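Working notes, beginning with the structure itself.
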Amino acid sequence: MTESKAEAFDAVDIIRTKRDKGTLSPEQIDWTIDAYTRGAIADEQMAALNMAILLNGMDRAEIARWTAAMIASGERMDFSSLRRPDGGLKYTTDKHSTGGVGDKITLPLAPLVAVFGVAVPQLSGRGLGHTGGTLDKLESIPGWRANLANNEILAQLQDVGAVICAAGAGLAPADKKLYALRDVTGTVEAIPLIASSIMSKKIAEGTGSLVLDVKVGSGAFMKDEAKARELAETMVALGKDAGVNTVALLTNMNTPLGLTAGNAIEVAESVEVLAGGGPDDVVELTVRLAQEMLACAGVHDADPAAALKDGRAMDVWNRMIAAQGGDPRADLPVARESDVVYAPADGVVVELDALAVGLAAWRLGAGRARKEDAVQAGAGVRMHAKPGATVRAGEPLMTLLTDTPERFARAREALEHAVVIAPEGSRPAQQLIIDRIA
């Protein structure tokens, strides 16, 4: 019979320390993450510690060490071999969004930044609940594949300059296990745990600089601006402490981004942006984030708006999609059934609730309740009027799309109070970019 090795600490003592508002030592944190990853700390013990962290918080040093320990649980990617045509180092930059409704910004953004010689290793995820996933959207393109080996990522960054793909299992495996536990124990909202979850993966990814798009509003993970600001400041500090040039934008997610919420329909809207058109808010945020990413990588004389207008970003998009097996010119999936929601009165749209639209798209089949669920590529919500638009009673407000028409009733329930129409002359208060945190 093999005797189990003695552990350096006791999980119950660590739980008590944080329960009693104490500070965990670096050694305690390192052991906790390692022990949980290898199964020496039980799920119920880590759940108790997560709840203590949610209630009592962590200081900056604790969060930084917790993040470092999660990075150390797996591999780190290295892009130091990337070279510019002149032989110099090719800078890398990345963007992370905390998630929202209609947030297709990554799709036009990655190729746009790559136009200027900066490599964009965009490791993305799938949607869960009312927030859409970048990989789900791109998988509506025939042939496109999300899973790439590290050598394929490196080769594509050298050749094309941009890659959008799934994070490998080797990056911060402790985070994968911790996130699954937080999701079922009511501790997802703990800011130290959110910040370390996001930043452990981004730092392990090996990017030289990072721009964070922290959403705030009804359709965002963070509904409260003060909490969103705290999260942004925490993540920026973590990035800088790890040597990653990091800035954050606080952006409005009370209203969906663009005129679509779904998978294939968001890809189509992204292609419109790459063709020099598309909704104003999507273009505005794409250009602003591109400017921030390029500045972080040391490029200050670029004009991202011009690169959208003249087709350079579209050229990189086509090459990026083709490099991952996709056909950028193929027809996208179209939902078999549609249902129109009409304006109940004359007036001006002053509110279009992002959460309601996201829930409707989810119920139509565009999202998933569990990670293993399938999504419908063509499902979603197409919006015909955003805040500020004048409408007449009986005009279309939204078109609901799905392959399974029995879903329409529940989607309509989600949208029952989504739109507020005020008398003509009303002006909705909308500010897309709330603040910049560096």
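Among the residues of the range 414-429, write down those that are in contact (Cβ under 8 Å) with a residue 24 or more places away in the chain and under 12 Å from V349 (Cα atoms).
Those that are in contact (Cβ under 8 Å) with a residue 24 or more places away in the chain and under 12 Å from V349 (Cα atoms): A418, V419, V420, I421, A422, P423, E424, G425, S426, R427, P428.
Every residue in the range 144-165 that is out of contact with any helix residue (DSSP H, G or I) (no Cβ under 6 Å at 6 or more places or on another chain), in contact (Cβ under 8 Å) with a residue 40 or more places away in the chain, open to solvent by less than 50 Å² (accessible area, probe 1.4 Å) and not in a helix (DSSP H, G or I), please.
Within the range 144-165, L148, C165 meet the criteria.
Let's see how each residue does on (1) out of contact with any Asp or Glu (no Cβ under 9 Å at 6 or more places or on another chain); (2) assigned to a helix (DSSP H, G or I):
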residue	(1), (2)
E266	no, yes
V271	yes, yes
G276	no, no
G298	yes, no
A302	yes, no
A307	yes, yes
W317	yes, yes
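With the checklist (1) farther than 28 Å from A72 by Cα; (2) touching a Phe, Trp or Tyr at 6+ places or on another chain (Cβ under 9 Å) in hand, flag the one item L193 doesn't pass.
Here L193 clears every test but (1).
Out of the residues in the range 183-195 that are over 15 Å from the mean Cα position of the chain (by Cα) and open to solvent by less than 10 Å² (accessible area, probe 1.4 Å), which is farthest from N245 (Cα to Cα)? It would help to see each step written out before you state the result.
First, the residues of the range 183-195 that are over 15 Å from the mean Cα position of the chain (by Cα): 183-193.
Within this subset, residues satisfying the condition of being open to solvent by less than 10 Å² (accessible area, probe 1.4 Å) are 187, 190, 193.
On the way: T187: 29, A190: 24, L193: 21 Å.
By that ranking, first place goes to T187.
With (1) open to solvent by less than 20 Å² (accessible area, probe 1.4 Å); (2) more than 30 Å from L294 (Cα to Cα); (3) at pLDDT below 95; (4) not charged (D, E, K, R) as the list, and A6 as the residue in question, which single condition is left unmet?
(1)
In the range 323-349, which residues are more than 23 Å from the chain's Cα centre (by Cα), open to solvent by 30 Å² or more (accessible area, probe 1.4 Å) and farther than 24 Å from A379 by Cβ?
Hits for the range 323-349 are P344, A345, D346.
Does A119 satisfy being small (G, A, S), open to solvent by less than 10 Å² (accessible area, probe 1.4 Å) and farther than 30 Å from R368 by Cα?
yes
Checking the conditions here, which among P279, P256 is open to solvent by 10 Å² or more (accessible area, probe 1.4 Å) and at pLDDT 95 or above?
Among P279, P256, only P279 is open to solvent by 10 Å² or more (accessible area, probe 1.4 Å) and at pLDDT 95 or above.
From the list A174, A180, which one is assigned to a helix (DSSP H, G or I), over 19 Å from the mean Cα position of the chain (by Cα), of a type in the set (G, A, S) and more than 17 Å from A374 (Cβ to Cβ)?
Answer to the selection: A174.
Look at I141 and say whether it is outside any helix (DSSP H, G or I), aliphatic (A, V, I, L, M) and over 18 Å from the mean Cα position of the chain (by Cα).
Details: outside any helix (DSSP H, G or I): yes; aliphatic (A, V, I, L, M): yes; over 18 Å from the mean Cα position of the chain (by Cα): yes.
It is true that I141 is outside any helix (DSSP H, G or I), aliphatic (A, V, I, L, M) and over 18 Å from the mean Cα position of the chain (by Cα).
Somewhere in the range 412-422, is a residue out of contact with any helix residue (DSSP H, G or I) (no Cβ under 7 Å at 6 or more places or on another chain), open to solvent by 50 Å² or more (accessible area, probe 1.4 Å) and within 23 Å of T134 (Cβ to Cβ)?
no
Among the residues of the range 314-357, write down those that are of a type in the set (V, I, T), out of contact with any Phe, Trp or Tyr (no Cβ under 8 Å at 6 or more places or on another chain) and closer than 30 Å to A119 by Cα. Lay out the reasoning, then the answer.
Step one: filter the range 314-357 for residues of a type in the set (V, I, T), giving 316, 321, 334, 340-341, 348-350, 357.
In the following step, the residues that additionally are out of contact with any Phe, Trp or Tyr (no Cβ under 8 Å at 6 or more places or on another chain) were identified as 316, 334, 340-341, 348-350, 357.
Result: V316, single match.
Can you tell me how many residues within the range 334-360 are assigned to a strand (DSSP E or B) and farther than 18 Å from P423 by Cα? Full working, then the answer.
Taking the range 334-360 as the starting set, the residues that turn out to be assigned to a strand (DSSP E or B) are 337-342, 347-352.
Now restrict to residues that are farther than 18 Å from P423 by Cα: 337-341.
Adding up the residues that qualify gives 5.
Can you go through N56, N151, N147 and tell me which one is of a type outside the set (V, I, T) and touching a Cys at 6+ places or on another chain (Cβ under 9 Å)?
Of the residues listed, the single one that is of a type outside the set (V, I, T) and touching a Cys at 6+ places or on another chain (Cβ under 9 Å) is N147.
Identify, by number, the condition in (1) among the hydrophobic types (A, V, I, L, M, F, W, C); (2) modelled with pLDDT under 90; (3) crowded, with 21+ Cβ neighbours inside 10 Å that A174 doesn't meet.
(2)
The values are calculated or read from the model by the stated rules, or taken from the named source; none is laboratory data. It should be emphasised that the depicted structure is a prediction, and the values quoted were computed from it without experimental measurement. For neighbour counting, all protein chains shown are included, and Cβ atoms are generated from backbone atoms with ideal geometry for every residue, glycine included. Just so you know, the surface numbers come from the protein's heavy atoms only, side chains and all, with ligands and any DNA or RNA stripped out. Shrake-Rupley method; radii C 1.70, N 1.55, O 1.52, S 1.80 Å.
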